[in-house]
Amino acid sequence: MDVLEAIAAERGSLTLTEIAARLGMSKSSVHDLLGTLSERGYVKKLGDSGYGVGMKAWEVGCLSAPIGMARTAAPHMTQLVRAVTHGVSLAVLDGAETVCIQLIEAARAVRVHNNIGDRSPAHAVSAGLAMLSTMDDEEVARLLPGRLPRITSETLTTREDLLAELGRVRRRGYSISRGAWRIDVAGIAVPVRGPDGRVAAGLAIAAPRDDVTDDWIRGAAPLLKSAARKIETDFGAPSLDGAIGRQGATR
């Protein structure tokens with residue numbers, strides 16, 4: 001799996017020598033692993049340029065629940081982009097990080113999102129804050145360390161500050177992140193529930209920081225919440241009356 005993950009992280013191709021160097025493995029060991037992965041379709045030979053991710057890896061990935069939610073969310077995200085004229089992303093929580101599983105960009109010259117598959121620290125992005133806000137304080141403490149990585153001067157760096165912010169998210173009904181991941185980017189987000197009623201993802205609008213004024217947020221937040229409810233309905237989530245954080249009230 002290390003070999004496959006190294007190739008996937010490159011978003012292109014790697015030669016046998018490059019893979020061996022990155023993983024600290026012998027070329028002979030990497031060669032044997034590549035042979036097995038190639039036979040099963042998880043990697044493919046790309047001529048002289050090396051190895052890339054194969055179709056089998058894509059097929060297996062498409063069976064995961066996040067991929068199903070990403071497909072379900074796409075049309076609603078597209079409508080939201082048209083309404084707010086900024087890009088919209090959908091992310092899932094994986095440990096202390098978020099992973100982007102769907103992205104609809106706006107027709108703007110300035111691109112503020114990562115790519116599908118990219119990871120971000122959950123405490124530094126609006127989607128992460130939205131999902132963390134549905135947990136109680138004990139769950140958050142088990143998931144994140146007391147000292148949090150500083151990404152920019154605006155990043156929350158202590159669990160105490162994070163828990164205080166999550167309380168504000170629950171009361172407000174959506175998360176706001178200004179400059180905590182990239183200093184020039186801000187975003188708002190809400191959680192999205194899956195068929196079991198538990199939070200499965202975070203839906204976020206990201207924009208240049210100067211565009212995310214209080215007036216803009218007041219206009220965009222209801223549209224964001226409406227899109228999230230539509231995604232939940234189409235994805236089979238049970239009906240729920242109440243605001244963000246009902247599942248995550250502090251015990």
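Listing for the model above:
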{"item": "Positions within region 172-228 being within 18 Å of PRO238 (Cβ to Cβ), basic (Lys, Arg) and either outside the structural domain of ASP94 (by TED's automatic domain parsing) or touching a strand residue (DSSP E or B) at 6+ places or on another chain (Cβ under 6 Å) (or both), in sequence order", "result": "ARG193, LYS225"}
{"item": "Residue satisfying condition, being modelled with pLDDT of 80 or more and either among the small types (Gly, Ala, Ser) or more than 30 Å from PHE235 (Cα to Cα) (or both), within set GLY61, GLY47, GLY12, GLY24", "result": "GLY24"}
{"item": "Breaking point among (1) within 15 Å of GLY95 (Cβ to Cβ); (2) of a type in the set (Ser, Thr, Tyr); (3) more than 20 Å from the chain's Cα centre (by Cα), for THR158", "result": "(1)"}
{"item": "Subset of region 86-101 that is buried (at least 20 other Cβ atoms within 10 Å of the Cβ) and more than 8 Å from the chain's Cα centre (by Cα) - its residue that is nearest to LYS225 (Cα to Cα)", "result": "VAL88"}
{"item": "Pairs where the first residue, in region 131-147, is assigned by TED's automatic domain parsing to the domain that holds ALA164 and the second is outside any helix (DSSP H, G or I) and polar (S, T, N, Q), C-beta under 7 Å, 6+ apart", "result": "SER133/SER175; THR134/GLN247; ASP136/THR250; ASP137/THR250; GLY146/THR158; ARG147/THR157; ARG147/THR158"}
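The values are calculated or read from the model by the stated rules, or taken from the named source; none is laboratory data. Being a predicted model, the structure only gives us computed values, none of them experimental. Note that each Cβ is placed from the backbone with ideal geometry, even for glycine, and that neighbours are counted across all protein chains shown.
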